[in-house]
Amino acid sequence: MAITSDPTQSETLVRIRNLHFRRGRRAIFDGIDLDIPRGRITAILGPSGTGKTTLLRLIGAQIAPTQGTVEVDGRDVHRLPLDELYEQRKRIGMLFQSGALLTDLSLFENVAFPLREHMRLPESMIRSLVLMKLEMVGLRGARDLYPRELSGGMARRAALARAIALDPMMIMYDEPFSGQDPISMGILVRLIKTLNDTLGITSVLVSHDVAETCTIADYIYVLSGAKIVGAGTPQELQAEHSPTVRQFMSGMPDGPLPFHYPGKAYLDDLLEAPR
Amino acid sequence: MTDLLAGLGRRSLDFFERLGRGHLFLLRVLASVPGLVRRPGLVVKQVWSTGVQSLIIIVISGAFVGMVLGLQGYNTLVTFGAEESLGLVVAKSLLRELGPVVSALLFAGRAGTALTAEIGFMKATEQLSAMEMMAVDPLRRIVAPRFVAAIIAMPLLAAIFTAVGVLGGYFCGVGLLGVDDGSFWSQMQAKVLLMEDVVNGVVIKGVVFGAVISWIAVFEGYDAVPTSEGVSAATTRTVVHSSLAVLGLDFVLTGLMFN
């Protein structure tokens, strides 16, 4: 399997090469290569704790790799001066797992926040832009609510509206489906697909919800044990024979990815006298 | 024994590492301050939340401290038949020491903890990360306005505390204990000096205490472990470190100013 090949033959927006990242003694990434094509939905799947969110932070240059390069739109984000990095970030939206809405601002002001910070626009235009973004996520009527008054699904949609406020070239979604009820999940799946198709935004989706991700992703990478253990279209991965990929895609509790955290033998542990 | 030494060494290294990080953080905040000239509204909003909202505790505490000073001062002075100097004693004590120090301790407890908790909570809920990803520097947008606002608010609060304290002393001394009204004010007017007492005490000490408290508060918030325990511990450290810093600095400043 050609893990780093671009299946769509389109231009690559994010190019990651030989990425190493350690947290203390633990290797989170051990030399991974990964390409994200422009205008497509690329999903990063993997069990909890494999570093999926860390990968997004590395792409956004919020943390630096131990070794290797992360190029976004042809520029190594970890070598950019701070002002140029911030210019780059204006073109990247990110949907955080928690939504990360600013709690002291109303929904309207949350979506207006990046516009007010980066553009000198008349208030009437800001209002129109914010209402357009909120309409896209179905929350125009909730614009005066505060984050504490929103459900989890609504908060994530509001955060999505904020993420697209500056019309980014790419959006990174960090576990958008976790903790969502089926209706909210369906709405989010449809929204991500619609935004990708209508606005031509490149989408990077980090998740461990296999079924939902497979319905919208064009290409999937499976991360495990600090490596990419599988890559391909959803159909290709469903037919994959690798035990690790099969275990993850079918949700089997035990296999190459152990259910138990590494430790001493169960019997030895039970018989050991308490210290 | 080896473990003890190793533990001591590790703690020392941690302490100096954190101290260095705090100073680097301060430099980055100071570098962000000039940008606030273009957005004074951010500072004004924070002066409101750190300064104006601390007014109640400052005014009430100032009144009680002044009244206690009036009572204690009278009891001591009357022994020497010098109770007419009560106004002077109350004013000098408040201007030089009690005004800036007590209001700084109250400010650390009221506004310092709020700053730490707010910034720590924003970190724990990824709001600061979200800002970074929106190409908004949290140091410029969140930390710097709060840092400057606390430096502005602190001397003003110390001045208000002192003024209310003098009135408290007047209420006790003149109103309750029968000290002569004219002597109370005239001795104060004659002996209290603008530069030596007011500027040294309320202004310089107020600004220095404000800067130290706000530095500690915003650093603790920004450096907090992003969990509820982490933010709680950071808030506690803000009170402890700020209070110790204020008391220690007060000794140094008093030594430099009045000796």
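Brief remarks follow.
- Region B:123-135, subset in contact with a Lys or Arg (Cβ under 9 Å, 6 or more places away or on another chain) and aliphatic (A, V, I, L, M), residue farthest from the other protein chains (Cβ to nearest Cβ): B:Met131
- Total residues in region A:88-112 satisfying the condition of being at pLDDT 90 or above and over 21 Å from A:Val130 (Cα atoms): the figure is 1.
- Scanning region A:29-58 for residues that are crowded, with 22+ Cβ neighbours inside 10 Å, β-branched (Val, Ile, Thr) and modelled with pLDDT of 90 or more yields A:Ile32, A:Ile36, A:Ile41, A:Thr42, A:Ile44.
- For region A:148-167, taking the residues that are assigned to a loop (DSSP other than H, G, I, E, B) and more than 11 Å from chain B (Cβ to nearest Cβ), the one that is nearest to the chain's Cα centre (by Cα) is identified as A:Ile164.
- Taking region A:1-113 and the strands (runs of 3 or more DSSP E) fully enclosed by it, the elements with 1 or more residues that are of a type in the set (D, E, K, R) and free of Cβ contacts under 8 Å to residues at least 60 places away in the same chain are at A:12-23, A:26-37, A:67-72.
- Flag for B:Leu128 being over 22 Å from B:Ser243 (Cα atoms) and modelled with pLDDT under 90: no
- Residues of region B:1-13 classified as open to solvent by less than 100 Å² (accessible area, probe 1.4 Å) and either over 33 Å from the mean Cα position of the chain (by Cα) or at pLDDT below 90 (or both), total: 2
- Restricting attention to region A:125-134, the residues that are open to solvent by 80 Å² or more (accessible area, probe 1.4 Å) and over 20 Å from B:Val136 (Cβ atoms) add up to 2.
- Of the residues in region B:170-178, not one is in contact with an Asp or Glu (Cβ under 8 Å, 6 or more places away or on another chain) and closer than 30 Å to B:Val218 by Cα.
- In region B:23-36, the condition of being more than 27 Å from the chain's Cα centre (by Cα) and in a helix (DSSP H, G or I) is met by no residue.
- Candidate set from region A:93-113 (those that are more than 7 Å from chain B (Cβ to nearest Cβ) and touching a strand residue (DSSP E or B) at 6+ places or on another chain (Cβ under 8 Å)); member that is surrounded by the fewest Cβ atoms within 10 Å (Cβ to Cβ): A:Gln97
- Residue selected from region A:135-147 under the condition open to solvent by 20 Å² or more (accessible area, probe 1.4 Å) and part of a loop (DSSP other than H, G, I, E, B), by the criterion nearest to the other protein chains (Cβ to nearest Cβ): A:Tyr146
The values are calculated or read from the model by the stated rules, or taken from the named source; none is laboratory data. These figures come from a predicted structure and were not determined experimentally. Glycine also receives a Cβ, built like all others from the backbone with ideal geometry; neighbour counts cover every protein chain displayed. The protein model used for the area step is the full one, side chains on, heavy atoms only, and it has no ligands, DNA or RNA in it. Shrake-Rupley method; radii C 1.70, N 1.55, O 1.52, S 1.80 Å.
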